[in-house]
Amino acid sequence: MLKKFARRRIINISATLLTVFLFCGLVHVIEIIVFETAEFTGWTLLALMIVLVCYSLRKKIVGIPLGSVAALLQWHIYLGLISLVVFLEHLQW
């Protein structure tokens, strides 16, 4: 059981880090081409917030078939970490 859990955790963290690096690379390419990334990162943050709210809705409304609560919690955690990086890119930190 622990091996399966550890393997899943490593895969999820690796996917999150890959997504963060790809997003940061995309932001820097957009910055070179357009010189302004605030609109792109702002819309990305809005989309992430809408997806993150789905976890709260799933907990409150049981009848919505959005997947298991455990799977949505994992998505919620990793997308929350990604949204932190997107927010820092939005601030141009």
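Seen against the Cα atoms of the chain and their longest principal axis, helix 38-60 is set at about 10 degrees.
Length gained on full extension, residue 84 to residue 57, computed as 0.36 nm times the residue gap minus the Cα-Cα distance: 7.6 nm.
As an equivalent ellipsoid, the chain spans semi-axes of 28, 19, 8 angstrom, where each value is the square root of five times an eigenvalue of the C-alpha gyration tensor, largest first.
Computed packing ranks the peptides 73-86, 37-50 as 73-86, 37-50, most packed first, by mean other Cβ atoms within 10 Å.
In Å², what does the accessible area per residue of segment 20-70 work out to with a 1.4 Å probe?
Values: 3610 Å² over 51 residues.
Accessible area per residue, segment 20-70: 71 Å².
Could you look at the chain and say what percent of its accessible area is carbon and sulfur, using a 1.4 Å probe and all protein chains? All intermediate terms of the calculation are to be shown ahead of the outcome.
On the way: 5330 of 6950 Å².
So the carbon and sulfur contribution to the accessible surface is 77 percent.
Sort 87, 35 by accessible area with a 1.4 Å probe, largest first.
On the way: 87 90, 35 160 Å².
Reading off the accessible areas and sorting them downward yields 35, 87.
Bridgeable aspartates and glutamates around residue 4 (alpha carbons under 12 Å apart, same-chain partners fewer than 8 residues away excluded) are absent.
The values are calculated or read from the model by the stated rules, or taken from the named source; none is laboratory data. For clarity, every value in this text was computed on a predicted model and none was experimentally measured. Heads up, the Cβs are rebuilt from the backbone with ideal geometry, glycines too, and the neighbour counts pull from every protein chain shown. Calculation scope for accessible area: heavy atoms of the full protein, side chains included, ligands and nucleic acids excluded. Shrake-Rupley method; radii C 1.70, N 1.55, O 1.52, S 1.80 Å.
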